[in-house]
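For reference, the structure discussed in these notes is given below.
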Amino acid sequence: MSLKRLVAVVTVRNGLVVKSYGYRFWRPAGGLASALRELDSWCVDEIVILDISRKPRLDHRNVAAISQAMVTTPIIYGGGVRTESDVLALLQAGCDRIVLESLLFRNSETTMLLCERFGNQAFVGSIPFFGANHGSPIVRLMGDEDVNAIDMSLDHALRILQVSPVSEFFLIDADNEGFTGQFSLHGCIPKQFLMALNRGLIWFGGIGPEQMRSLLEMPQTAALALGNRLLEREVEYSKVQDQIFAPTDKTNLRPGLTSRIAYNAMKD
Amino acid sequence: MECSECLYTSKHPFGLEFNSDGLCTGCITHKEKLTLDWEKRFKELEKLAKSVLGKHGAPYDCVVPVRGTPEYFYVLDIVKNVLGLRPLVVSYNSHFNSQVGIHNIDLLRDTFDVDFQMYATNKNTYQKLVREMLYRFGNLRWPFIAGETSFPIRVADQLGIPLVIWPYHQPTEQVGMHSYVEEPEMSRRSREEFDLMGLDEARLTSPETLLTSNDLSDFRYPKLTSVIGGRIRSVYLANFVPWDSRAFAEIAVTKFGARASRNWRTFDTYDRVDDLTYMSVHDLLKFSALGYARVRDSLCREIRFSRLSRNVARELEEYYQIQWPTGGIKMFSEWLEVNEEDFLFFLASQGVEEQEKTTQTLSSAALEYIAGFIDSGFSSAGEERYLLYGKGIELTNVVTSPQQSKSSNAH
């Protein structure tokens, strides 16, 4: 069984980190570079930076912050990526992979070209679900200055996603994002949908401690993503690890992390 | 963009977000003080206290950092008398202590009968750091904040004390960075990002400065290994009691005999009365850099507690933010060992200049509001020098009438 990842999500809006709640309400949370450095010092598996400013372009303040932070943790960046030069700028700044959402659904041709140019492994497809609380989720693409928001059924979304070349999918419970313990997606997305995606899944959006283990045990799960709570306390990441993985964990879902943090800290 | 209730704008250095009604996140979070079940919140604190009480073999259950301002009496009252914890009280010396600040620290220690450690970096090093931070960043507070936020953690680390109790998290109180139910705790990142303006001490030594690694040794935050596994937790009392600096300060003055003091550039007789640079030189630099002065922070608090209307708040802000702290500038120049004229030249380079004296007089509503602050009869304008240490001090900066402080504009 492959190792599962525990990924940290940093949400950015207009160049600053925010704590996001359902993508409707935000609290200011400081600068991006310091957030990246902190997560890096905690030895998180990966960091996902999501720019939710809803601008149809890459925010180069974020790119500068990524360069400035000089972290070694793998970074996945999403938000406003539209062109090959956007991808190049991010890779040169130190990102390892890119999240595509708008391009994934609205411009599959460009998505194909980018995957051909940089490799499928470099791209993760983002699927924002709304309506999970009512048991019947839809995919909603939020608009920006250039395009309107659109809703699509799971069937319609699946037809696009199945032929997309991205390597993994980022499934977001958008309504419950930021509300720990209220994640509802796994109970209402049909198994056939998930199997048809036929790629590793990263779950995100208010995942609570009680839900983590069962999500990780799903065979298709590649990773869990956590957001706001990682900004609230020191070394919160290792506490989450301890909650999920007992020392005598026989499933080998994830080896212990505390020793890695200690090793990293000794280098201070 | 400006908040529809308080005076903060989107230019706040911590960042500020707004809801669809134009209410800022600071005001939104503040409303939790009226709506949360604080009895339930306090039970969480009691649970935490029980988990550390006498359990780990050290002579203390927690470290409590304090300053010489009245609100810390409230903090210690909760920690010692309500929670029953054995605190080690610590304080980092700012070098700019007022008589009132020293007196309050003294009284804190005696009133609560606590063990107390105060640390003062040697003056040469401290002065070097203040000069460097002033010159490079226009900020003289960095050394004090760096020391104040690292000394208690280092003490906790060295003595094996598992808990540090701070009063409140400033970004949460001002701009609503967290909800109180999220129970944020102090972290290295929060310290670096919000307390130290993004300047971690590790990044301050460079060939262009006079600072060496040794100069910064008093300001180092302990390594991550010290906090792994919950060995040290740094919690905020404001997560468990609805924080109100003014109300707690007034309790301290009336119940414990803490001293209040009139201060430059503000009506607030409790806020920052321990440090003679805060409401003088520092506040001038802050006003120049950020476009607003400390008085706005106090006014936003008062508006949020519905103790003051926005109109009167604006009036008070306009009145106080232009006041010129002559005595404070003189004292600081002497401490820094520079000619006062040269220091004024430096201030001018930072955009700080004395404005024309205003003919504005405060309205009766404003005067009535100000009169609600306890006046212990002391004033920063009556001080002539900073105190480094003191015990059993007899206060000499007593102001018996407002006229005595007229020339320095301290109300």
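Once you keep just the Cα pairs under 8 angstrom separated by 6 or more residues, what percentage relative contact order results for the stretch B:245-284?
27 percent
With a cut-off of 8 Å between alpha carbons and a minimum separation of six or more residues, what is the relative contact order of chain B in percent?
It comes to 22 percent, rounded to a whole number.
Taking only the alpha-carbon atoms of the protein assembly as shown, what semi-axes of the equivalent ellipsoid follow from 5 times the gyration tensor eigenvalues under a square root, in whole Å, largest first?
The three semi-axes for the protein assembly as shown are 48, 27, 24 Å.
Work out, in µm²/s and without decimals, the Stokes-Einstein translational diffusion coefficient of the stretch B:233-297 at 25 °C, 0.890 mPa s, Rh from Kirkwood over C-alpha pairs.
Diffusion coefficient, whole number: 182 µm²/s.
Per q in 0.10 1/Å, what log10 I(q)/I(0) does a Debye calculation on the alpha-carbon atoms of the stretch A:59-206 return?
Ignoring solvent entirely, the Cα scatterers give -0.35.
What value does the stretch A:128-205 have for Rg/Rh, both radii from Cα atoms and Rh as Kirkwood defines it?
The Rg/Rh ratio comes out at 0.96.
Summed for both chains, how many Å² of accessible area, to the nearest 100, are buried between A and B with a 1.4 Å probe?
Accessible area lost upon association: around 2500 Å².
Give me the tail of P(r) for the stretch A:11-87 as a percent: Cα-Cα pairs with distance above 17 Å.
43 percent
Leaving out same-chain residues fewer than 8 places away, which lysines sit with a Cα under 18 Å from that of B:Lys255?
Correct list for B:Lys255: B:Lys80.
Kindly report the accessible area of chain A per residue (heavy atoms of protein chains, probe 1.4 Å, no ligands, DNA or RNA), in Å².
Computed with neighbouring chains in place, this is 41 Å² per residue.
Taking a cut-off of 24 Å between Cα atoms, list the lysines near A:Lys191, but don't count ones fewer than 8 places away on the same chain.
Answer for A:Lys191, where 24 Å is the Cα cut-off: A:Lys4, listed by chain and number.
Which GluC sites (Glu not before Pro) from the stretch B:172-240 combine a DSSP loop assignment with at most 11 other Cβ atoms within 10 Å?
Within the stretch B:172-240, the qualifying GluC sites (Glu not before Pro) (loop, at most 11 other Cβ atoms within 10 Å) are B:Glu208.
Please compute the alpha carbon radius of gyration of the stretch B:10-87, then divide it by the globular-protein estimate 2.2 N^0.38 Å. Two decimals is fine.
Relative to the rule-of-thumb radius for its length, the stretch B:10-87 sits at 1.51.
If you build the convex hull over the alpha carbons only and average its shadow over all orientations, what do you get for the stretch A:1-132? Give it in nm² to one decimal.
Averaged projected hull area, Cα only: 8.8 nm².
In whole Å, what are the Cα extents of the stretch B:276-369 along the three principal axes, biggest one first?
Projected onto the principal axes, the Cα atoms of the stretch B:276-369 cover 44, 26, 20 Å.
When the Kirkwood hydrodynamic radius is evaluated over all pairs of different C-alpha atoms of the stretch B:71-225, what value in angstrom, to one decimal, is obtained?
17.1 Å
When all protein chains stay in place, what accessible area (Å², nearest 10, 1.4 Å probe) is found for B:Lys80?
The accessible area of B:Lys80 comes to roughly 60 Å².
From zero up to wherever the largest Cα-Cα distance of the stretch B:103-165 sits, split into 10 Å bins and tell me the percent of pairs in each.
18, 36, 33, 13, 0
For the stretch B:226-384, build the charge dipole from Cβ charges (+1 Lys, Arg; -1 Asp, Glu) around the Cα centre, then report which of B:Ala238, B:Ala381, B:Ala260 sits farthest towards its positive end.
The one lying farthest along the dipole's positive direction is B:Ala238.
Taking 0.36 nm per residue of separation and subtracting the Cα-Cα distance, what length does fully extending B:Glu2 through B:Glu39 add?
The B:Glu2-B:Glu39 span can extend by a further 10.0 nm.
Could you name the lysines in cross-link range of B:Lys123, using Cα to Cα under 29 Å and dropping any fewer than eight places away on the same chain?
Straight-line reach from B:Lys123, under 29 Å: B:Lys223, B:Lys286, B:Lys330, B:Lys391.
What does the stretch B:76-124 give for Rg and for Dmax, in Å, if only its C-alpha atoms count?
12.4, 41
Reported to two decimal places, what Rg/Rh ratio describes the stretch B:7-143 when computed on Cα atoms with Rh from the Kirkwood expression?
That ratio equals 1.06.
For chain B, just the Cα atoms, rotate onto the principal axes and tell me the three extents in Å, largest first.
Ordered largest first, chain B gives principal extents of 61, 50, 45 Å.
Just the Cα atoms of the stretch A:164-237: what Rg and Dmax do they give in Å?
12.6, 40
Enter the Cα centre distance for the pair the stretch A:96-125 and the stretch B:125-193, rounded to the nearest angstrom.
Value for the Cα centre distance between the two parts: 42 Å.
In a Gaussian network model over chain A where Cα atoms closer than 10 Å are linked, find which of A:Glu109, A:Glu101, A:Glu145 has the largest mean-square fluctuation.
A:Glu145
Convert each backbone phi in the stretch B:63-73 into a coupling constant with the Karplus relation 6.51 cos²θ - 1.76 cosθ + 1.60 (shift: θ = phi - 60°), then list the ³J(HN,Hα) values in order as whole Hz, x for Gly and Pro.
Residue by residue, the stretch B:63-73 yields 10, 10, x, 9, 10, x, 9, x, 4, 6, 5 Hz.
Return the percentage of antiparallel bridges among DSSP beta bridges fully within the protein assembly as shown, rounded to the nearest 5 %.
So the antiparallel bridges amount to about 25 percent of the total.
A:Arg61 versus A:Val147, label points 7 Å from Cα toward the beta carbon: distance in nm?
For the pair A:Arg61/A:Val147, the computed spacing is 2.5 nm.
At 222 nm, what value in deg cm²/dmol follows for chain A if DSSP H runs of at least 4 each add -39500 (n - 2.57) and the sum is divided by all its residues, to the nearest 500?
Result for chain A, helices only: -9500 deg cm²/dmol.
Give the calculated FRET efficiency between A:Leu88 and A:Asp242 to the nearest 0.05, with a Förster radius of 35 Å applied to their Cβ-Cβ distance.
It comes out at approximately 0.35.
At a Förster radius of 30 Å, what calculated FRET efficiency corresponds to the Cβ-Cβ distance of A:Ser136 and A:Asn107, to the nearest 0.05?
Step by step, r from the Cβ atoms, then E = 0.65.
In nanometres, what is the gap between the two model label sites at B:Asn339 and A:Glu210, each 7 Å from Cα along Cα-to-Cβ?
Inter-label distance under the simple model: 7.3 nm.
Spit out the partnerless Cys residues in chain B, using Cβ distances under 4.7 Å as the pairing rule.
B:Cys27, B:Cys62
Tell me the mean residue ellipticity at 222 nm calculated for chain B from its helices only (DSSP H runs of n ≥ 4, each -39500 (n - 2.57), averaged over every residue, nearest 500).
After summing the helix terms and dividing by the residues of chain B, the value is -10500 deg cm²/dmol.
Enumerate the whole-percent occupancy of each 10 Å bin, from 0 to the last occupied one, for all C-alpha pair distances of chain A.
7, 31, 39, 20, 3, 0
Restricting to Cα pairs below 8 Å that are 6+ residues apart, what does the relative contact order work out to for the stretch B:3-55? Please round to a whole percent.
Dividing the mean separation by the residue count of the stretch B:3-55 yields 25 percent.
Considering only B:Ser98, B:Ser234, B:Ser349, give the residue with the highest GNM mean-square fluctuation for chain B, with springs between Cα atoms whenever their separation is below 10 Å.
Among B:Ser98, B:Ser234, B:Ser349, the largest mean-square fluctuation in the Gaussian network model of chain B belongs to B:Ser349.
Once Lys and Arg get +1 and Asp and Glu get -1 on their Cβ, which of A:Leu171, A:Leu58, A:Ile244 lies farthest toward the positive end of the dipole of chain A?
A:Ile244
Could you estimate the translational diffusion coefficient of the stretch B:314-391 from the Stokes-Einstein equation, with Rh from the Kirkwood formula over C-alpha pairs, at 4 °C and 1.567 mPa s, in whole µm²/s?
85 µm²/s
In whole percent, how big is the carbon plus sulfur part of the accessible area of the protein assembly as shown, probe 1.4 Å, protein atoms only?
50 percent
The values are calculated or read from the model by the stated rules, or taken from the named source; none is laboratory data. Everything numeric in this text was worked out from a predicted model, so none of it was measured. Methodologically, a virtual Cβ is constructed for each residue, glycine included, from the backbone with ideal geometry; neighbour enumeration extends over all protein chains shown. Quick note on the areas: whole protein, heavy atoms, side chains included, nothing else; ligands and nucleic acids left out. Shrake-Rupley method; radii C 1.70, N 1.55, O 1.52, S 1.80 Å.
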